[in-house]
Structures are given as structure tokens and as C-alpha cells.
1. Could you list, ordered by first residue, the pairs with Cβ atoms under 6 Å in which the first is in region 215-240 and under 16 Å from F264 (Cα atoms) and β-branched (V, I, T) and the second is outside any loop (DSSP other than H, G, I, E, B) and within 13 Å of the ligand (Cβ to nearest atom), at least 6 apart or interchain?
2. Restricting attention to region 22-34, does a residue exist that is more than 15 Å from the ligand (Cβ to nearest atom) and touching a residue at least 12 places away in the same chain (Cβ under 8 Å)?
3. Scanning region 316-344 for residues that are within 15 Å of Y415 (Cα to Cα) and small (G, A, S), which turns out surrounded by the most Cβ atoms within 10 Å (Cβ to Cβ)?
4. Please specify each residue of region 66-83 satisfying the condition of being more than 19 Å from I46 (Cβ to Cβ) and either within 8 Å of the ligand (Cβ to nearest atom) or surrounded by 22 or more Cβ atoms within 10 Å (Cβ to Cβ) (or both).
5. Those residues that are surrounded by 11 or more Cβ atoms within 10 Å (Cβ to Cβ) and either under 17 Å from V233 (Cα atoms) or touching a helix residue (DSSP H, G or I) at 6+ places or on another chain (Cβ under 8 Å) (or both), I need them from region 278-297; list them, please.
6. Taking G45, is it within 13 Å of the ligand (Cβ to nearest atom), touching a Phe, Trp or Tyr at 6+ places or on another chain (Cβ under 9 Å) and closer than 27 Å to K248 by Cα?
7. Exactly one condition in (1) outside any helix (DSSP H, G or I); (2) touching a residue at least 40 places away in the same chain (Cβ under 8 Å); (3) of a type outside the set (D, E, K, R) is not met by A209; state its number.
8. Looking only at helices (runs of 4 or more DSSP H) that fall completely inside region 446-542, which ones have 3 or more residues that are over 20 Å from N563 (Cβ atoms)?
Amino acid sequence: MAHRGVEIAWQNFSAVRPLSRSEKKIRMKSGGSIEPVTIINNISGIIKSGTYTTILGPSGSGKTTFLNFLSNRLHYLGGLECTGEVFINGHPRSELDYNSVAGYVMQEEVLLEHLKVRETLNFIASFKLPKDKVISRVDEVIGQLGLKNCEYNFIGGYMKKGISGGEKKRVAIAVEMLADPSILFLDEPTTGLDSFNAESLTELMNDLAKIGMTVIATIHQPNSYIFALFDQVLLLGGHEVIYHGKAKRALRHFRKLGFECPEFSNPAEFLLGLVTETDDKFADNIKVFKEASTKDFPVIEKKELPSHFERKPIGFFKEISLLVNRSMLNVTRNKMGIFYKCVANVCFLLLTLAAYYQACDSTSITSITDRAGIIFLVQVYMAFIGVNSTTSLSTDKAIFIREQASKTYSPAAFYMSKLMFDIPFDQIIVFIMGFFLYLAIGLSLEHVHQIFFFVFVLLIMDFNTRGWGNFLLIALPNLEASSAATPFVLIIQLLFAGVFINYDSIPIYLIWLEHLSMFKYSWSAAMKNELEYWDIEKCNKRETSPLCDPIKFYSITIDKWINVLALAIIAIGVHLFAYLSLARIAKNLWLDFFKDRIMIFIMKNML
Ligand SMILES: Nc1ncnc2c1ncn2[C@@H]1O[C@H](COP(=O)(O)OP(=O)(O)OP(=O)(O)O)[C@@H](O)[C@H]1O
């Protein structure tokens with residue numbers, strides 16, 4: 001493809017981390033400086049097209065920060081104050097749609113473990129390319145990345161053995177290569193790989209540079225052989241660029257300054273040793289290195305802007321269908337996951353039957369509390385199934401974030417695909433379980449519609465809990481945070497369902513929690529349904545118990561359909577919030593794109 005020859009330059013890049021109030025207090029107490037922490041101080045430079053540049057530096061020297069700045073992943077620089085400009089072929093970066101020119105390979109590959117290598121690439125290519133180009137482009141990338149041997153192997157992960165770590169890294173690069181970027185950024189691509197895979201990946205990056213791409217990667221502790229494969233090295237130390245040039249000339253440069261690399265030692269370790277603060281001489285040495293490194297501002301020549309990848313929109317419904325197909329393949333192949341789900345449900349079914357088989361004789365007053373209890377228990381169990389199923393969304397969210405960087409599909413299509421695939425998948429289980437339990441426990445069957453209503457409430461419950469699960473997983477930063485919040489949200493709703501505390505006993509200032517409790521509506525609706533044909537008069541003649549009027553006893557006076565309506569409104573509201581949280585993530589990622597578009601518009605039309 002044609003987009004090659006991209007030169008990237010940066011001017012006066014600085015990154016500082018302001019101190020938080022508590023940090024300032026601690027430092028003031030210990031007599032330390034309360035000035036912001038400098039991570040990178042005013043660096044400028046240029047990387048020529050068709051080169052492979054490795055950013056080296058000790059841990060914390062700002063390699064990733066610099067890479068994020070160059071690759072425009074500004075949301076990762078959130079806690080830092082950054083200044084500086086980036087030029088592409090001599091033009092300010094804002095003049096072009098940068099995401100269509102550059103690809104970014106994250107340190108951790110986020111791929112679906114039950115898809116095969118070729119399928120993974122096919123799906124992504126199908127979002128971006130016209131139908132007739134998908135196969136040929138995937139073939140081309142598979143060839144280029146040396147993935148021919150494993151193209152029909154599963155990606156694999158915790159649940160399933162799949163391709164090797166090196167192959168996984170190649171697939172992550174292949175995913176970015178599908179849009180044929182002119183610049184490729186890689187964050188520590190060799191981390192976690194054995195030396196053979198790390199070396200062959202470095203060779204691959206050299207090959208990509210040879211075909212004209214500008215490849216920039218941060219690397220942690222390369223071995224001597226890998227170092228020998230480096231084309232350009234940019235060494236960070238003392239907040240500045242200490243060396244930027246041919247890797248081969250690096251040792252000669254430092255030798256001239258009086259720092260000889262000992263024989264048989266790893267050059268990369270020698271260079272890192274020079275810029276790592278270990279003794280009193282460090283400050284003096286760094287001063288010497290800074291003076292010796294070129295201070296002249298690089299000449300940025302204006303060249304033609306690179307042509308960028310034109311994504312042909314495939315349409316909202318096609319996006320949904322591709323996303324649903326992808327989820328379907330990934331989920332249905334997870335045989336172990338499905339097996340555990342089935343075992344858990346069958347166990348629950350059997351235990352409930354053992355404890356409650358035909359326990360609810362619908363004519364006896366003593367069964368009222370049993371019925372209240374079992375209906376509640378079944379609904380709570382279904383709620384946990386719903387919330388628990390959403391944990392798979394945490395991987396999907398990571399994939400969504402990666403794919404949004406290149407605007408692969410719309411957030412609405414993603415969320416719709418989740419609703420259209422995941423929910424029906426669970427609802428089949430809920431439907432079957434609800435039906436069996438109802439019959440086996442012996443709940444009221446005065447009229448056949450009662451059983452269907454009961455199951456219908458369970459299905460809406462499942463939709464509701466899915467919404468809560470999705471919302472918490474998307475809105476909170478990670479799985480740990482959402483796993484901590486989910487039980488809390490469920491327990492609060494359980495507490496105010498009217499089962500543990502009667503509605504009339506809830507303090508006035510907590511009434512709003514009662515109105516938000518999905519269990520309140522689901523339980524009230526199912527109880528109303530259950531007691532619809534309960535004869536109070538007949539009971540009063542037999543007994544003198546307040547349970548003879550269970551509706552009054554449990555304060556469940558609202559009509560069952562109104563309860564269903566309230567349940568549905570909460571469900572829609574929670575799903576809406578979940579979607580908005582997703583759109584917010586995408587908007588943050590797209591913000592740079594729109595900002596760039598506005599800048600282009602202003603520059604073209606007003607300046
Ligand atoms: N968004 C951020 N908010 C606050 N501090 C940050 C942020 N990003 C980076 N830093 C800080 O900047 C410094 C440099 O971080 P960076 O990740 O760029 O280093 P690195 O050279 O890539 O390190 P490593 O090799 O260990 O990954 C660190 O002290 C880090 O805590």
C-alpha cells in the first residue's frame with residue numbers, strides 16, 4: 001500500500017508531574033522540594049522515515065510517557081502537565097487524521113482467546129475494509145508477520161492453550177498492520193518473551209522499517225544480540241535525551257567521552273548503567289553527556305502530508321452483526337465456561353428442589369411465608385447469574401478501548417451487540433430454570449398465565465441485573481473496582497426490597513433507596529401474581545392470623561403490571577447509563593480526533 005515516508009519530529013517536549021496536596025505536606029515536613037517532579041525536560045528531535053528507533057532508559061525515565069506523547073495517546077498522560085509539539089513531515093500533527101496514519105501496539109495484547117488468528121484478523125479487517133479486499137489484506141499481513149504456521153490456531157489464554165507469547169505479539173502487531181499505518185508505535189513489545197522470540201520480533205521491526213514504515217518502540221533490558229539489531233537508539237536519562245543516533249555508533253560516542261564499554265558486556269546494559277543514578281559521579285557524568293548530545297534544534301522540512309487510511313463505513317447494522325458473530329464464536333467455543341455455568345445452575349436447581357419440593361401448597365396459610373421466601377430466593381439467584389455473567393465484559397471493554405483508538409465501530413453498535421447476544425444467551429437459562437422451579441416448588445397454578453408471568457418477571461430481572469453489571473463494569477476503571485461495588489449495590493437493593501424490612505418501617509430519609517430497589521418490584525410483582533387468587537374471606541373463617549391478608553401483611557398493594565413497568569424503567573435507565581459510560585470512554589478517545597478536525601478547519605478556513 002501507498003502510505004509511506006513519514007518523518008516525525010517533536011519540539012520542546014516537557015512532562016512534569018504536579019505534586020498532590022498530601023505529597024506536598026509530606027515533603028514540607030521532611031524539608032524537601034515542593035516543586036513539580038520533572039519527568040522529561042524540553043527535548044526536541046526528529047525520527048526519519050523508514051527507520052526503527054528504540055527508546056531506551058532506566059525504569060521511570062519517561063520512555064512510555066514519551067511514546068504516549070508521540071503517539072497522541074493523551075488520555076494516558078492525564079496526571080501530567082505536558083507541553084510541546086509534534087510534526088509529521090514538517091506539518092503540525094493537528095493537520096492530519098493522526099489515528100489513520102499511526103498504529104499503537106500495547107504492552108499487553110488484548111485479544112479474544114477463543115478466536116483463531118485468521119478469524120481475529122478477518123473480523124477487524126471486515127470493519128475497516130471493503131468486503132472484496134478483506135481476504136487479500138489478511139493474507140498479506142499474515143505473510144508479512146510470519147503467522148502462516150499458526151493462522152488456524154486459537155489465540156488462547158487462561159482457559160485454553162493457544163499460540164505462543166511471540167506469536168501473540170505478532171498478532172497484536174498484525175491487528176494494527178491491517179490499516180497499513182505509516183508509523184507504528186510499540187510499548188515494550190519484547191517484555192515477557194524469551195530471547196529467541198524477542199530477537200525474531202526485533203528482526204520483524206527492522207523488516208517493517210525496511211519497507212518504509214517508521215517504527216518506534218520502547219524496550220526494556222535488551223540482550224546483546226537484540227541490541228546489535230537496533231537501527232536507531234534514543235537514550236533517555238537525567239530527564240533528557242542523552243544519545244540519539246545509530247545504535248552502532250553509540251559505544252563509540254561514549255568512548256570519546258571517556259566511558260568505555262567493557263569487553264564481553266552487553267552494550268544495552270552498559271548504556272543503561274551510564275544513565276542510572278548509582279553513585280555520586282552520576283550528576284557530573286550526566287552533565288557531560290548532555291553537553292555532548294546535539295543541542296541544535298533539528299531541521300524540520302515541510303514535505304507532502306502522508307496519505308491516510310480511508311476507512312469505508314460499513315453501516316450500523318453490519319457493525320452489530322459482525323460484533324454479534326464475533327462474540328458468538330468466542331462464547332460458544334468456551335466449552336469450559338458453559339460447562340461450569342450449567343453445573344452451577346443444575347446444582348441450584350437440585351438443592352432448591354430437595355429443600356422446597358412441593359413445599360408451597362397454595363391453599364395453606366403456613367405456605368405464605370414459604371412462598372415469600374422461595375420467590376425471593378429464586379429472584380436473588382437469577383440476579384446473581386445476571387451480574388456474574390457480565391464479568392466477561394471486562395475483556396470486551398479492553399478490546400473496545402483498543403478498537404476505539406482507530407474508530408473501528410461505533411459505541412452504540414458495540415452496546416447493541418452486547419444486548420443482542422449476551423442477554424438472550426442467559427435468558428434461555430433463566431427461562432428454563434424459572435419454569436422448572438415454579439412447577440417443582442408447587443407455586444400457584446390456579447391459572448396457567450401465573451407461571452408465564454413469574455418467568456417473565458425473572459427475564460426482566462435478568463435484563464435489569466445485566467444492566468447493573470454492565471454499568472458498574474464500564475463506569476468503574478477496572479474489574480477489581482466493579483467486583484467490589486457490585487455486592488454493595490445488590491445488597492442495598494436487597495435490603496430495601498421489603499422482605500427484610502417492611503416498607504412501612506423504612507425511615508423516611510431512606511425511602512428513595514426503596515424506590516430504586518429492583519427486588520422490591522420483582523418480588524412484589526411475583527407475590528401479587530402468586531396471591532392473585534388467595535381467598536381472604538375463606539382464610540379468615542379458618543384462622544385468626546394477620547397472614548390471612550398477605551397483601552396487607554407485606555404491604556404489596558401496587559398492581560403487578562405497575563411493578564413490572566417500574567422494573568422495566570429501572571432496567572432501561574441502567575442500560576442507558578451503561579451505554580453513556582461507554583460513549584464517554586469513546587468520546588475521550590475521539591476527543592483528540594475532533595480537536596484535530598476543528599484545528600484543520602480553522603487552519604484551512606480562517607488563518
Ligand atoms: N499519567 C501519569 N500521571 C502521573 N504520573 C505519571 C503518569 N504517567 C507517568 N507518570 C510518572 O512518570 C514517570 C515516568 O513514567 P514512565 O512510565 O514513562 O516511565 P518508563 O521509563 O516507561 O518506566 P518503565 O520502564 O518502568 O515502564 C514515573 O515516575 C511515573 O510514575
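1. Short answer, once both residue conditions are applied: none.
2. Within region 22-34, one or more residues are more than 15 Å from the ligand (Cβ to nearest atom) and touching a residue at least 12 places away in the same chain (Cβ under 8 Å).
3. Looking at the filtered set, the residue picked out is S327.
4. Y76, L77, G78, G79, L80 - these are the residues of region 66-83 that are more than 19 Å from I46 (Cβ to Cβ) and either within 8 Å of the ligand (Cβ to nearest atom) or surrounded by 22 or more Cβ atoms within 10 Å (Cβ to Cβ) (or both).
5. N285, F289, K290, A292, S293, T294
6. For G45, the condition - within 13 Å of the ligand (Cβ to nearest atom), touching a Phe, Trp or Tyr at 6+ places or on another chain (Cβ under 9 Å) and closer than 27 Å to K248 by Cα - is not met.
7. (1)
8. Passing ranges, in order: 449-475, 479-495, 536-542.
The values are calculated or read from the model by the stated rules, or taken from the named source; none is laboratory data. Small disclaimer: the values here were computed from a predicted structure and weren't measured. Don't worry about glycine lacking a Cβ; one is built from the backbone with ideal geometry, like all the others, and counts go over all protein chains shown.
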